[in-house]
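In what follows, a single structure is set out as structure tokens and then discussed.
Please treat every number below as a calculation from the coordinates, not as lab data. If you're wondering where the values come from, they're calculated on a predicted model, not measured in any experiment. So basically every Cβ, Gly included, is an ideal-geometry build from the backbone, and we count neighbours across all protein chains shown.
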Amino acid sequence: MVKKQKTKTETVTEEQTKIEPNEKPETALKAPVPRRPIWIGSLRIGLINVPVQLYPMIYDRSIAFHFLHKTDGQPLKYERVCTKDGKIVPWDEVVKGYEVTKKEYIVFDKKELDAMKPESDKRIRIDKFIDYFSIDPIYFHTSYILMPDKSNDAYSLLLNALEKKGKACVGRITLRTKEYPAIIHAYKESLVLTTLRYGYDVADPRSLEELKKLKEPEKSELDLAVKIITDLSGEFDIADYKDHYREKVQELIQKKLKGEKIVVEKPVKEEAKELMTALRETLKQLEKK
């Protein structure tokens, strides 16, 4: 049964990206073409100034769900309810606070926080040129398409120079209220900017005690594991991977729109096997392919 929403309202969603019920398969395999820049400024290298625009490049194509009232199918609203008196608080009475101890907060005025924001001077300040693969991918955050802003000649010169030297530039950019380290490199005949995480934002797994207690595997187990890795080795192609959950939900949407009866099938539980047995059976399966 399809329950229609009569009025537009701010609703509670589980995920933020939407999929159209009648979306064609060939469209579902492609990310949308960015229509407008999210940032306009310039790329600064010494005294060189290259006006640029930043476009979104990464899209989350997962299914978007709204939380509805089960009895009438209507969407649920966000409410700002005070935990002390249970009353709804209007936006003009909302402030930000930092919890110093349990239920004890330091309150900040909007003007105080605005004064602390990083300088939004619309400049990407380049510090140096590096080898792109010298950065651990764990620090990569979000990628954007960097486009020329009436600066085709300078943009093309930088793009070709980076390609010729096989280098990337690193620097800093301020997006909204946060300053990020960033790397700019040539990608598919364009410049791509990728924001980076700070070093203190990434946990070091070596600090986990469980990993320090790992024992060396038996030689027989290691030999089988290495053989499996060798047999399964190949080239990576991102087109080989699809979001099967998304495809199944899209199919379910179509069935519900048509009023078809839905039969829920329980997944079959796989039997847990002893490590050596699992290694041997995996090798046998690979030999049959």
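Data table
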{"read-out": "Lysines whose Cα lies under 23 Å from that of Lys150, excluding same-chain neighbours fewer than 8 positions away", "value": "Lys122, Lys188"}
{"read-out": "Candidates Leu162, Leu193, Leu222, ranked by Gaussian network fluctuation over the chain, Cα under 10 Å, top entry", "value": "Leu222"}
{"read-out": "Equivalent ellipsoid, the stretch 209-289 (semi-axes from 5 times Cα gyration tensor eigenvalues, Å)", "value": "38, 18, 15"}
{"read-out": "Long-range HN-HN contacts of Ile173 with modeled amide H, under 5 Å", "value": "Tyr180, Ala182"}
{"read-out": "Rh by Kirkwood over Cα pairs, then Stokes-Einstein D for the stretch 146-289 at 1.002 mPa s and 20 °C, µm²/s", "value": "96"}
{"read-out": "Rule-of-thumb Rg ratio for the chain [Cα; 2.2 N^0.38 Å; N residues]", "value": "1.38"}
{"read-out": "For the stretch 139-147, 3J(HN,Hα) per residue [Karplus equation, 6.51 cos²θ - 1.76 cosθ + 1.60, θ = phi - 60°, Hz, x = Gly/Pro]", "value": "8, 5, 10, 9, 9, 9, 7, 9, 10"}
{"read-out": "Candidates Leu68, Leu232, Leu175, ranked by Gaussian network fluctuation over the chain, Cα under 10 Å, top entry", "value": "Leu232"}
{"read-out": "Alpha carbon convex hull of the stretch 22-142, volume per residue in cubic angstrom", "value": "283"}
{"read-out": "FRET efficiency estimate (nearest 0.05) - Cβ-Cβ, Lys227 to Ala272, R0 22 angstrom", "value": "0.50"}
{"read-out": "Options Gln285, Leu232, Ile253, ranked by Cα towards positive dipole end of the stretch 219-288, top entry (Cβ charges)", "value": "Ile253"}
{"read-out": "Convex hull volume per residue for the stretch 127-175, taking Cα atoms only, in Å³", "value": "101"}
{"read-out": "Where GluC sites (Glu not before Pro) fall in DSSP loop in the stretch 139-197, at most 15 other Cβ within 10 Å", "value": "Glu189"}
{"read-out": "Distance (nanometres) between label positions extended 7 Å along Cα→Cβ at Asp85 and Leu286", "value": "6.8"}
{"read-out": "Whole-Hz couplings from phi, Karplus 6.51/-1.76/1.60, listed for the stretch 58-69; x for Gly and Pro", "value": "9, 10, 8, 8, 5, 5, 9, 10, 9, 7, 10, 6"}
{"read-out": "FRET efficiency, Ser156 to Ile130 (Cβ-Cβ, R0 22 Å, nearest 0.05)", "value": "0.55"}
{"read-out": "Within the stretch 45-153, GluC sites (Glu not before Pro) in DSSP loop having at most 16 other beta-carbon neighbours inside 10 Å", "value": "Glu79, Glu119"}
